[in-house]
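The structure under discussion appears below in the form of structure tokens.
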Amino acid sequence: MTMFILSKLSRAVLTILLALAFAFFLMRIAGDPALAFLGVDATPEAVAIFREKFGLDQPLPVQFLYYMANLAHGDFGVSLREGRPVIVVVSEVVPKTLQLMGLGFGLAMLIGLPAGILAAVYRGQFIDRLVMVGSVIGFSLPNFLLGLMLLLIFTLWLRLLPSGGADTAVSFIMPTVTLATAFIGVVSRYTRSSMIGVLNRPFLRAARARGLPASTVLWRHALPNAAIPIVTVTGLMFGGLLGGASVIETVFAWPGMGRLLVTSVLSSDLPVIQFIVILLVITMIFTNFAVDVLYRILDPRIGHRGSMPVAGSAR
Amino acid sequence: MSAYEQAMGSRSDRDGPGCIRLRSDAQPEPPLLCIEDYSVSFDTPAGRTVAIEDINLEIDRGQTYAFVGESGSGKTVTCLGLVRLLNGKHATSGSIWFDGVNLCDIPVRALDEIRGRRIGVIFQDAVGSLDPIRTVGSHFAATIRRNTGRRGPDASRHAVELLAEVGLDDGAVLAKYPHELSGGMAQRVAIALALVGDPELIIADEPTTALDAANKVRILNLLRRLCTQRNAALIFVTHDLLAAAKLCDHVAVFYAGRIVEVAQLDVGFSKLRHPYSIALLRSVPRLVGDPAPRPIPGEMPSFADRDALCRFRDRCEYSVERCRTVAPGPDRFRRMHVQCHFPVNTTFGTAVPETADLSRSVKFPATAPSSNAPVVELRNVGKIFGGKRLNPFAADNRHVALTGIDLAIGRGECVALIGESGSGKSTIGRIILGLDQPTTGTVKYNFAANDGGPRKTTRQYPVQIIFQDARSALDPRLNIGQQIEEPLRVNHLGTAHMRRKRVAEMLDLVHLSPSFATALPHELSGGQLQRVEIARALVMNPSLLVCDEPTSALDVSIQAQIINLLMHLKQSLELSLLFITHDIAAARPLADRIAVLRQGALVEIGETERILRQARHPYTQELITLTAYENLAASGDHQMPPEPRQAVSRRQQYQDISA
Amino acid sequence: MTDLSTKPLAMWLRLPKLSAAGSICGLWLLIIVIAGFAGPAILGIDPNGVDLLARLRPPVGFGGTVDHLLGTDQLGRDILIRICHAVRVSLLLALFGTLIGAAIGISTGFLAAHFGGVVDDVISTLIDFQAAMPFLILAIAAVATLGSNIAVLLVLVSVFGWERYARLSRGLALSYLNNGYVVAAQTYGAGWGTIYSRHILLNILAILIVNITLTFPEILMLETTLSFLGLGVQPPHASLGSMMNYGRDQLFKAWWISILPGLAIFLTTLAVSTIGDILSNRLSIDRR
């Protein structure tokens, strides 16, 4: 287990370093940040001052070293648009995004898991078809379209919900539902296929043969086995939720990280973009690391006690 | 009044022609299990297929019944149907009386009270029948609580007792996960779990098929002892008549969805009278007597081709006009019965007539290993798998597959490579084929410029292979003609016309009709596919054929057909063979020499009969004892041969193997 | 092989026939393709033709007239003709993205399976890395640095899907390499090119096609999302996403400017996904 964690951790750290290097060089290749910020008609003096201020007059590898050293000191630069440290600008909006993601994730699980289980248990019957049709509609529906339609219905026509902002509890409703819809489809579908895979396994029949009633077999054997692959997909969902949040925040004027990212891109605020991307990359890599470890703990079959799997027992 | 109740009233009602009563002074005690006109049909995309039809059988308390048949005969469907554990959409008719209750009628809740408590079921795939993420102890806890109501330390005590009873004295088993158990251990755990409720009937669905020879014998012994001690009735489902005779006192022979014969096994197989039962028995390869197994020609009729007449008639050597027009008597008799117009012994006597079928009548004298240079010679070959990975923390996956292999195969010689799975026998095959490079040692080839193919360049590929799983060995997208033609096409040999001619020749060589050329693989049966595979391997006119367990996935009667075909080809084409197998009896008819492989090293090599009579290495001796143990029964000897290695206790033996 | 071409293509690929629902989806796709490629020629209206007298006209059925079936936008441009143009841009981007991604993914997957060892380690790490990342965020960052034009978008949508095909074809190739006919092909002298193209690729084609029906809608969604955020297709070109973005300000006044292109996206992704569902059901391929 220790070797496994070390192995995965070393890979995670390596991936992060690669991602940082990639992000840095991409940013620099993309064009002169000074011109990008000051505009093409800026005076040469202004450009020179800007470059010196941000260390852009050094050769690229030196810049990269400075950049890494700054990162190591927790110095992520200053927002070009707001003139405040990037870390402050971003940390102000992170909680709102996390709230939205958490609620969306919760709702997706709350509906998706039972729907998937029901569909698998009643495979081929009406409820299964209902869930399958619902899920395909769910993830085929672009979240920005759904968001706009909800705005039309609940804000313009019914006048029930506010059009944007994150001030009151009711303002959470539309963004959460919009974010969750696609993931309800994904979760229910994944749960269904995972459950169906388990329901065909011989140990369920063997458990029935030992006299265990169907409900016991479902709760005791089928669900725990089906849950293991679902854990891995939740790790991947985290990334999708972030992407979804950035769109939904724009639609509902939600003061979160996704909207900050989009406005920063539109105003070429590279330090903010860079910091958000680094933050996400590190978060995602550690999420996956955690999922790997969790998977390993949940499933005793994978490399128990770090030993090699013994080849070819019974054919 | 149901037929069952009638049966309760006056048992003599069932006395009639063809019905031989087991006990003339029948006890008033009713049978434990009574199957009446039981049929099961499945709904498939192709329509409704009848899997079993009009099954009738009675089993008393303490009786042990073997359900014997080839795949598709309906034996497993019958026994899973008994406890209503069939998967898929299906319909049943008839009734199954278990101690006065019709299992077909009662609600599922009532059935849950019977399953586990009064009927225990053991499955073929023991590891698969245990939940992979729960420990053995957790399985016991749930099963014991459900079936006996005991919990806590009381339940653990019960579990430990049961495990000891099946030969697992080590309490540590309870803390293990299924994947940590060997196949034999897992099957013991599954048996112990089936015993929790102290059932009156145990159904064992091919419990030994996935096990090696040593564990197979041990599990059979264990089941036999448990049934005797507990006075439990047993239904033992198997394709292996010899194992059936080892374990059971009665046999029900299944063929194409029906029971064709029910007989006693108390004096070996001498009471078998149905031509199919006799033919099946003769197709089993043995270690004594005539080495060549006698195949049953043809194949079992598919679900669509099954009618009311005798379904064995087209493969039966005794069949006459009457068999093709009149259905054999109804099998309403649930005791001894033969469903045939002309049971063997009564009409034709005991002798089985020879037929004109080439593949079975021609016998070849075992050729001595030729004195000329061997076609392939392995010297001190070793193989280590795995290597460096990018990540220094990744698990080291190096593992030694072979060490110091010296092996030569002469021209026209067949060497059988015997070993358990994981012994490295397939790796030797891959090295000879040039698919893997040996880590140490050398492989020397010595092929003659033999001209037989369309062009001399065919000699470029003088080693070819046939596999165990013929279905995955053929490209599902290409038709049979294309499959066989493929090697010629890839090497640009001959014109399209010449190649087609060659394909026809090859089909003829493996006894397939030319019409198969346009069929796709999924339209063929396993035996036919194996013939196609052989044809494709031979189309380039190779000198050496590597056969990687070519028969172990096939039914016994088909297995014998393939062995006979290979014998014929070896002789007529002067083909060298490397016959890789775990079954020493299957190797015997073909092999000039036998090489025994254990954990990547050759422990013994010698001429076949010498090895069989006087093996020197203890491992070889044990392999032979374990195989002969079953095979001796086949010779008609009803005395059970002595336990293997009598001086050693069963537990010690078990530890030897698992060590 | 000539005799393969004599069989119907679907049978050769072992693809099943579609049901009624599948036919409806196919019909919709046909309509949208014809609208995208022949629509502008048939209607013969300039998509950028400004008509300030006919601004914000609603669609027919909501008080509109037949000369603007789906209404007009704030500059009086006809929505129907603009959707036709936008559909062409969106479909072409998604289509090329899918095909390029599939080509890259299948080749890298085969390379990883074939060479194993370090090559496999590198490719697998890249696959894992991309699978773990929120691609939309990376795409937004890429647009921020590289600017937004059709070429950048095409690269992005191509890179989006490669990881899935690579993972899939690597796994399938690994299992097929152990199949008897692939091993046998090596022993009778078939080259690796033949083995991969003839015995592996053609056999897994059905699975790959099903996977295309899964990635295509997502790629379409990626492009329209970027365009909706104002980071994708830029004027004078229009994609369905950028049309929606353009109409957002007028949502409460003229909903049709945003919602109608959105419905076109929705129905297209729904149709492709449904066809994919039917195919995978028939072929019993587990898609997740």
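Tell me, what HN-Hα J-couplings in whole Hz come from the Karplus equation 6.51 cos²θ - 1.76 cosθ + 1.60 at θ = phi - 60° for each residue of the range B:257-265, using x for Gly and Pro?
So the J values, rounded to whole Hz, are x, 10, 8, 8, 7, 10, 9, 7, 10.
Let me check I've understood the local charge: for C:Gly97, count other residues with C-beta under 15 angstrom from its C-beta, Lys and Arg +1, Asp and Glu -1. What total comes out? Present the calculation step by step, with values, prior to reporting the outcome.
Numbers: positive: C:Arg88, C:Arg164; negative: C:Glu163, C:Glu218, C:Glu223.
Here the charged neighbours net out to -1.
Between B:Phe67 and residues 5 or more places away or on another chain, which pairs have amide H atoms under 5 Å apart, with H built 1.01 Å from N, and which residues are they?
Sorted by chain and number, the residues that satisfy this are B:Phe236, B:Val237, B:Thr238, B:Ala252.
If Lys and Arg each add +1 and Asp and Glu each add -1, what is the summed charge of the other residues whose beta carbon sits under 12 Å from the beta carbon of B:Gly527? Don't skip to the end; give the middle numbers.
Details: positive: B:Arg471, B:Arg531; negative: B:Glu70, B:Glu299, B:Glu533, B:Asp555.
With Lys, Arg at +1 and Asp, Glu at -1, the neighbours total -2.
Going toward the positive end of the dipole of the range C:19-286, with +1 on Lys and Arg Cβ and -1 on Asp and Glu Cβ, which of C:Val233, C:Ile200, C:Trp28 do you reach last?
C:Trp28
Name the residues whose placed amide hydrogens come within less than 5 Å of the amide hydrogen of B:Leu402, ignoring near sequence neighbours (fewer than 5 apart) on the same chain.
Sorted by chain and number, the residues that satisfy this are B:Lys383.
If you count, for every residue in C:144-150, the Cβ atoms of partner chains within 10 Å of its Cβ, what is the mean?
Values: counts 17, 14, 4, 4, 1, 0, 0.
The shielding value for this peptide is 6.
Tabulate in residue order the Karplus-calculated ³J(HN,Hα) for the range A:172-186, using 6.51 cos²θ - 1.76 cosθ + 1.60 with θ = phi - 60°, rounded to whole Hz; enter x for Gly and Pro.
Those phi angles translate into 7, 4, 5, x, 5, 4, 4, 5, 6, 3, 4, 6, 4, x, 5 Hz.
Treat every Asp and Glu Cβ in the range C:19-286 as -1 and every Lys and Arg Cβ as +1, leave all other atoms uncharged, and give the resulting dipole magnitude about the Cα centre to the nearest 20 debye. Could you put the intermediate results ahead of the total?
On the way: 12 positive and 14 negative charges, 46 e Å.
My answer is approximately 220 debye.
How big is D, in µm² s⁻¹, for the range A:94-255 by Stokes-Einstein at 37 °C and 0.692 mPa s if Rh is the Kirkwood radius over C-alpha pairs? Could you put the intermediate results ahead of the total?
Working: Rh = 17.0 Å.
Estimated via Stokes-Einstein, D reaches 193 µm²/s.
Need one word for the range B:137-237: rounded, prolate or oblate. Basis is the Cα gyration tensor (sqrt eigenvalues a ≥ b ≥ c); a/c below 1.5 gives rounded, then a/b vs b/c decides.
Oblate shape, in that a/c is at least 1.5 and b/c is the bigger or equal ratio.
For the range C:91-173, how big is Rg over Rh, using alpha carbon atoms and the Kirkwood form of Rh? Working shown, then result.
Working: Rg = 13.4 Å, Rh = 13.1 Å.
In the range C:91-173, Rg relative to Rh is 1.02.
What is the dipole size for the protein assembly as shown, taken about its Cα centre, with +1 at each Lys and Arg Cβ and -1 at each Asp and Glu Cβ, in debye to the nearest 20?
Numbers: 115 positive and 102 negative charges, 105 e Å.
Dipole size: approximately 500 debye.
In whole Hz and in residue order, list the ³J(HN,Hα) couplings for the range B:494-509 that follow from phi through the Karplus curve 6.51 cos²θ - 1.76 cosθ + 1.60, θ = phi - 60°; x for Gly and Pro.
x, 7, 4, 5, 4, 5, 4, 4, 5, 4, 4, 4, 5, 4, 5, 4
Would you mind checking the range B:220-250 for residues with the amide N under 19 Å from a putative spin-label position 7 Å along Cα→C-beta of B:Val288?
B:241-248
For B:Lys89, go through the aspartates and glutamates and keep the ones whose alpha-carbon is under 13 Å away, minus same-chain ones fewer than eight residues off.
B:Asp43
To the nearest 20 debye, what is the magnitude of the charge dipole of the range A:66-135 about its Cα centre, counting +1 on the Cβ of each Lys and Arg and -1 on the Cβ of each Asp and Glu? All intermediate terms of the calculation are to be shown ahead of the outcome.
Numbers: 5 positive and 4 negative charges, 45 e Å.
Value, rounded to 20: 220 debye.
Placing +1 on the Cβ of each Lys and Arg and -1 on the Cβ of each Asp and Glu in the range B:97-186, which of B:Ala164, B:Val127, B:Ala142 has its Cα farthest towards the positive end of the resulting dipole?
B:Ala142
Among B:Pro438, B:Gly422, B:Thr581, whose Cα projects farthest towards the positive end of the dipole of the range B:374-620, with charges put on the beta-carbon of Lys, Arg (+1) and Asp, Glu (-1)?
It is B:Pro438, whose Cα lies furthest towards the positive end.
Have a look at the range B:490-556 and give its Rg and Dmax from the Cα atoms, expressed in angstrom.
In order Rg, Dmax, the Cα atoms of the range B:490-556 give 12.8, 40 Å.
If each DSSP helix of 4+ residues adds -39,500 (n - 2.57) and the sum is divided by the residues in the protein assembly as shown, what number results at 222 nm, nearest 500 deg cm²/dmol?
Numbers: 45 runs with 621 residues, N = 1262.
Theoretical 222 nm ellipticity from helices: -16000 deg cm²/dmol.
Using the beta-carbon distance between A:Ala72 and B:Val400 and R0 = 60 Å, what value does 1/(1 + (r/R0)^6) give for FRET efficiency, to the nearest 0.05?
Values: r = 46 Å, r/R0 = 0.76.
Given R0 = 60 Å and the Cβ-Cβ separation, E is 0.85.
Just tell me which aspartates and glutamates come within less than 19 Å, Cα to Cα, of B:Lys246; anything on the same chain fewer than 8 places away is out.
Straight-line reach from B:Lys246, under 19 Å: B:Glu70, B:Asp205, B:Glu206, B:Asp212, B:Glu261, B:Asp266, B:Asp583, B:Glu622, B:Glu630, B:Asp637, B:Glu643.
Could you tell me the extents of the protein assembly as shown's C-alpha atoms along the three principal axes, largest first, rounded to whole Å?
So the three principal-axis extents are 111, 79, 65 Å.
From the Cα gyration tensor of the range B:374-620, with a ≥ b ≥ c the square roots of its eigenvalues, which class applies: rounded if a/c is under 1.5, or else prolate if a/b is larger than b/c, or else oblate? Mind showing how you got there, number by number?
Numbers: a/c = 1.64, a/b = 1.40, b/c = 1.17.
Prolate.
By its C-alpha gyration tensor, with a ≥ b ≥ c as the square roots of the eigenvalues, how is chain A shaped: rounded for a/c under 1.5, else prolate for a/b larger than b/c, else oblate? All intermediate terms of the calculation are to be shown ahead of the outcome.
Details: a/c = 3.33, a/b = 1.50, b/c = 2.21.
It comes out oblate by the Cα gyration axes.
Can you tell me the equivalent ellipsoid semi-axes for the range C:27-76? Use √(5λ) from the Cα gyration tensor, largest first, whole Å.
Details: eigenvalues 99, 41, 13 Å².
After diagonalising the Cα gyration tensor, the semi-axes are 22, 14, 8 Å.
Can you give the net charge of the other residues whose Cβ lies under 11 Å from the Cβ of A:Glu92, counting K and R as +1 and D and E as -1?
Numbers: positive: A:Arg84, A:Lys96; negative: A:Glu82.
Charge balance in the 11 Å sphere: +1.
Counting partner chain Cβ atoms within 10 Å of every residue's Cβ in B:116-126, what's the average?
On the way: counts 6, 2, 1, 2, 3, 6, 2, 5, 2, 5, 3.
Average neighbour count from other chains, rounded to a whole number: 3.
Show C:His85, B:His522 ordered by accessible area, largest first, where the area counts protein heavy atoms only and the probe is 1.4 Å.
Values: C:His85 55, B:His522 130 Å².
Output order, biggest surface exposure first: B:His522, C:His85.
Provide Rg and Dmax in Å for chain C, with only Cα atoms included in the calculation.
When restricted to the Cα atoms of chain C, Rg and Dmax are 22.2, 77 Å.
Averaged across C:238-250, how many Cβ atoms of other chains sit within 10 Å of each residue's Cβ atom?
That works out to 1 on average.
Of the peptides A:168-181, C:22-35, C:155-168, how do they stack up when ordered by the mean number of other Cβ atoms within 10 Å, highest first?
Numbers: A:168-181: 19.6, C:22-35: 16.0, C:155-168: 22.9.
Answer by packing, highest mean first, reads C:155-168, A:168-181, C:22-35.
Looking at the protein assembly as shown, what % of its DSSP beta bridges pair antiparallel, to the nearest 5? Each step should come with its number before you reach the end.
Details: 48 of 85 bridges.
Here the share of antiparallel DSSP bridges comes out near 55 percent.
Given a 1.4 Å probe and the protein chains all in place, what does the accessible area of B:Thr325 round to, in Å² to the nearest 10?
About 90 Å², rounded to the nearest 10.
The values are calculated or read from the model by the stated rules, or taken from the named source; none is laboratory data. This structure is a prediction, so every number in the text was calculated from the model and none was measured. Cβ coordinates were reconstructed from backbone atoms using ideal geometry, including for glycine residues, and neighbour counts include every protein chain displayed. For the accessible areas, the whole protein counts, side chains as well, though only heavy atoms, and no ligand, DNA or RNA atoms are used. Shrake-Rupley method; radii C 1.70, N 1.55, O 1.52, S 1.80 Å.
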